[in-house]
Amino acid sequence: MNDTDRKNIDLYLSYKLLFLTTPVLYGLIITKIFEWYHFTFITQLILFFLPFIVGLFVKLKTKDIPNNTQNILQTMSFYSIPFFLAVNVCFDFSKPSSKGYLIIDKTSSIEEKYDSEGSYETTIYEFKAIPKEKMNPITFWMDISATKHSGLHPKAEILTHKVFLTIENKKYEILTSKTNLFKKIKDSDYLHTYQLREYTKPVVIHVKRTIYTKFEKGNYLDIETYSGLFGIGWTYYHWKHKA
């Protein structure tokens, strides 16, 4: 065996090793890239297995070309999709639409879904959050009159241990209450004075498991949505601990 044969063997083994390790690296890279996108489960499966199909096609249809060239083409089939999706993110200089939230709770549940092949279980990850612009509602005092507010009745919630009052289809949290004796003497209809704060209903944000594990209750969450260089939208999540 001469030096040329040894070089050819080393070169063949290098290309073979590259081809054999590529599927593992591809799996790690593509799952990380999928965190930026809102692809459906079916779309992710198609994108994930497409390089394997292309690689098999290259193997079957290019029998007349050298093995090293086959290995290079098969390796390129694995990196084409991650490269395309990465470029869509890295060179996207569009102005994002940004929304900020305060996470007040997080839940996960298992749901049963159905498709053409039958039923399957999937885990749903959710954040319950308050938009930043509604995090600090203004508090105010309100006198309750027996005549004007005869239909108002405070209602307590067992889970939150908070008391609420609904006024003109708006829900308010009762922070404290007091009775003014002077007002009681002047006005026989006077009952109480409540300190109220408008209740903000939390929004439910569905996220992926990797994002769900990164955030905790009390964290601030900033969601930036970009249009993408090639028109494929993607999302970036910022977070920080509550000050």
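The values are calculated or read from the model by the stated rules, or taken from the named source; none is laboratory data. Because the structure is predicted, anything quoted here is derived from the model rather than measured. With ideal geometry, Cβ positions are generated from the backbone for all residues, glycine too; neighbour counts draw on all protein chains shown. Ligands, DNA and RNA are stripped out before the accessible areas are found, and what is left, the full protein with its side chains, is counted by its heavy atoms. Shrake-Rupley method; radii C 1.70, N 1.55, O 1.52, S 1.80 Å.
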Local net charge near Met142, Cβ-Cβ under 13 Å (Lys/Arg +1, Asp/Glu -1) | +1
Between Lys148 and Glu216, 0.36 nm times their residue separation minus their Cα-Cα distance comes to what?
-> 20.1 nm
Mark the label point 7 Å from the Cα of Gln195 along Cα→Cβ and return the residues of region 129-152 whose backbone N is within less than 20 Å of it.
-> 135-145
Roughly speaking, what is the centre-to-centre gap between region 214-234 and region 140-212 when only Cα atoms are used, to the nearest Å?
-> 34 Å
By how many nm would the segment from Phe41 to Lys155 grow when fully extended, if each residue of separation counts as 0.36 nm and the alpha-carbon distance is taken off?
-> 36.8 nm
Remind me, relative contact order of region 174-215 in percent, using alpha carbon pairs under 8 angstrom and six or more residues apart?
-> 38 percent
For region 81-216, with only Lys/Arg (+1) and Asp/Glu (-1) charged at the beta-carbon, what is the dipole magnitude about the Cα centre, in debye rounded to 20?
-> 720 debye
Helical contribution to [θ] at 222 nm, DSSP H n ≥ 4, -39,500 (n - 2.57), averaged over the chain, rounded to 500 = -12500 deg cm²/dmol
Once you treat every alpha carbon in region 41-114 as an equal point and sum by Debye, what is log10 I(q)/I(0) at q = 0.19, 0.20, 0.21, 0.23 Å⁻¹?
-> -0.93, -0.96, -0.98, -1.03
Ignoring everything but the protein chains, give the 1.4 Å probe accessible area of Asp105 in square angstrom, nearest 10.
-> 60 Å²
Can you give the net charge of the other residues whose Cβ lies under 14 Å from the Cβ of Tyr199, counting K and R as +1 and D and E as -1?
-> +4
Can you work out ³J(HN,Hα) from phi for every residue in region 147-155, in order, using Karplus 6.51 cos²θ - 1.76 cosθ + 1.60 and θ = phi - 60°, giving whole Hz and x for Gly and Pro?
-> 7, 6, 10, 5, x, 8, 9, x, 10
Rounded to the nearest 10 Å², the 1.4 Å probe accessible area of Ser145 is 20 Å²
DSSP-loop GluC sites (Glu not before Pro) across region 66-171, with at most 13 other Cβ within 10 angstrom | Glu117, Glu168
Quick one: what does P(r) look like for region 106-167 with 5 Å bins over all Cα pairs, in whole %?
-> 4, 10, 10, 13, 14, 11, 9, 9, 7, 6, 3, 2, 0
Loop only per DSSP, at most 14 neighbouring Cβ atoms within 10 Å: give me the chymotrypsin sites (Phe, Trp or Tyr not before Pro) in region 59-131, ordered by residue number.
-> Phe91, Phe93
Shape category assigned to region 79-142 from the gyration tensor of Cα positions, a/c cut at 1.5 | oblate
Volume per residue (Å³) of the convex hull spanned by the alpha carbons of region 17-165 is 220 Å³
At 0.36 nm per residue, minus the direct Cα-Cα distance, what do Thr139 and Lys183 gain on full extension? Give it in nm, one decimal, please.
-> 13.7 nm
